[in-house]
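Notes for the one structure printed next.
The values are calculated or read from the model by the stated rules, or taken from the named source; none is laboratory data. This is a predicted model, so every value here is computed, not measured. Ideal geometry is used to build each Cβ from the backbone, glycine not excepted, and the neighbour counts take in all protein chains shown. Accessible surface areas use protein heavy atoms only, side chains included; no ligands, DNA or RNA. Shrake-Rupley method; radii C 1.70, N 1.55, O 1.52, S 1.80 Å.
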Number of protein chains: 2
Amino acid sequence: MSDTNQTYSISDLAREFEITPRSIRHYEDQKLITPKRNGSQRIYSKGDRVRLQLILRGKRIGFSLSEIREIIDMYDPTAGDEKQTEHLLRKIAERRVALHQQQQDIETMLTELDQLEQKLNQNIEA
Amino acid sequence: MSDTNQTYSISDLAREFEITPRSIRHYEDQKLITPKRNGSQRIYSKGDRVRLQLILRGKRIGFSLSEIREIIDMYDPTAGDEKQTEHLLRKIAERRVALHQQQQDIETMLTELDQLEQKLNQNIEA
DNA sequence: GCGCAAGTTTACGTTAACGTAAAGGTAATC
DNA sequence: GATTACCTTTACGTTAACGTAAACTTGCGC
């Protein structure tokens, strides 16, 4: 197995994802990620790295950190009672609606860019 | 033709798009929209309304107001020289890359939500 | 002509998401 | 053992995108 116990320092991850250590610590402040510690040093596991990827993906889509935390919390096996599960299912449904809306918006914008590009190309030919 | 000369007050548009007049004025401060005036009153045309829609669409996708202005400026027939046109074409290409990235991110997140939902449904059955 | 709703400008306040600086601990390296 | 490279916490600063309040004008209905 591909060394599932690999760990990373904060600057390892910062380098890899081209963000600052400050940002990563900020995500921790906001309870989005909670690495182990070796003394005072943060030790990030593969799972932490995946969470960080999820955070950054959420950001690219335009979600706020608190929205991202909502999503992350869904993945948490805090789970248990059935009420909670139904609540999560509703949350998931809401998210899906928002994401579909974004897909629409992006497609609209992409076709608008296409049209714009055509116009500009015509101007060049002329 | 469907009354192409229709106009709107600021609160008309605020109501329609469920935002505050303050936001619309803010977009004007940021040069995203420049309605006509009747004395001191702002008069919005159909074109202004379309611009506002474009602004809100951009926001939903997660763009900042200055990014949205960049996009809006592309639509502007300020145009003219060829250098400028090529610059725009590059900008358009950049935008497209970002939008495609977002599409990827959204699809990833959607399938993750699907998987999560399945897990939760299993928990209910069990 | 008066009140009220809707418009205006000016300006200070607020929140999110970090940036930046200060002051200090730790570990390898020369 | 001193420098160097990272790490830490604490805390104040900054920017974007408005919110909110104050003070004033304008048009409509009665």
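At a threshold of 40 Å², the residues of region A:107-126 that become less accessible to a 1.4 Å probe in the full protein assembly than in their chain on its own are A:M109, A:L110, A:E112, A:L113, A:L116, A:E117, A:L120, A:I124.
Here the Kirkwood formula, the inverse mean of 1/r across different C-alpha pairs, assigns the protein assembly as shown a hydrodynamic radius of 21.6 Å. Relative to the longest principal axis of the Cα atoms of chain B, helix B:46-61 runs at roughly 30 degrees.
So which residue, out of A:D114, A:D48, A:D12, gets the largest mean-square fluctuation from a GNM of chain A using Cα contacts under 10 Å as springs? The residue with the greatest mean-square fluctuation here is A:D114.
Note on chain A: GNM, Cα springs under 10 Å; of A:L52, A:L88, A:L110, the largest mean-square fluctuation is that of A:L110.
Using the Cβ-Cβ distance between A:D114 and A:T7 with R0 set to 51 Å, the FRET efficiency works out to roughly 0.65. Dividing the summed -39500 (n - 2.57) terms of all DSSP H runs of n ≥ 4 by the residue count of chain B sets its mean residue ellipticity at 222 nm at -23500 deg cm²/dmol. For B:Q53, inter-copy separations between label points set 7 Å beyond Cα along the Cβ vector come to 3.8 nm, shortest first. Distance between the pseudo-spin-label points of B:S64 and A:V50 (7 Å out from Cα toward the beta carbon): 3.3 nm. Candidate cross-link partners of B:K36 among the aspartates and glutamates, defined by an alpha-carbon separation under 16 Å and a same-chain spacing of 8 or more, comprise B:D12, B:E28, B:D48.
Its Cα gyration tensor gives region A:56-126 an equivalent ellipsoid. The semi-axes, each the square root of 5 times an eigenvalue, are 41, 12, 6 Å from largest down.
Based on protein heavy atoms only, chain A ends up with 62 Å² per residue of surface accessible to a 1.4 Å probe.
Among the trypsin sites (Lys or Arg not before Pro) in region A:21-63, which ones are in a DSSP loop with at most 14 other Cβ atoms within 10 Å of the Cβ? Mind listing them? All intermediate terms of the calculation are to be shown ahead of the outcome.
Working: sites: A:R22, A:R25, A:K31, A:K36, A:R37, A:R42, A:K46, A:R49, A:R51, A:R57, A:K59, A:R60; in loops: A:K31.
Counting only loop positions with at most 14 other Cβ atoms within 10 Å, the trypsin sites (Lys or Arg not before Pro) in region A:21-63 are A:K31.
For region B:1-103, what is the relative contact order in percent, using Cα pairs closer than 8 Å and at least 6 residues apart in sequence? All intermediate terms of the calculation are to be shown ahead of the outcome.
Details: 61 pairs, mean separation 22.2, N = 103.
Contact order relative to length: 22 percent.
The accessible-area loss of region A:31-65 on complex formation, taken against its chain alone with a 1.4 Å probe, reaches 40 Å² or more at A:R57, A:R60, A:I61. Amide H contacts for B:I43 (H built 1.01 Å from N in the peptide plane; partners 5 or more residues away or on another chain; cut-off under 5 Å): B:K36, B:R37, B:N38.
Between B and A, buried accessible area from a 1.4 angstrom probe totals roughly 3800 Å², ignoring ligands, DNA and RNA. In this structure, the pairs whose alpha-carbon distance is over 18 Å, taken from A:K119/B:K83; A:K59/B:K119; A:K119/B:K91, are A:K59/B:K119. For chain B, the alpha carbon convex hull comes to 176 Å³ per residue, rounded to a whole number.
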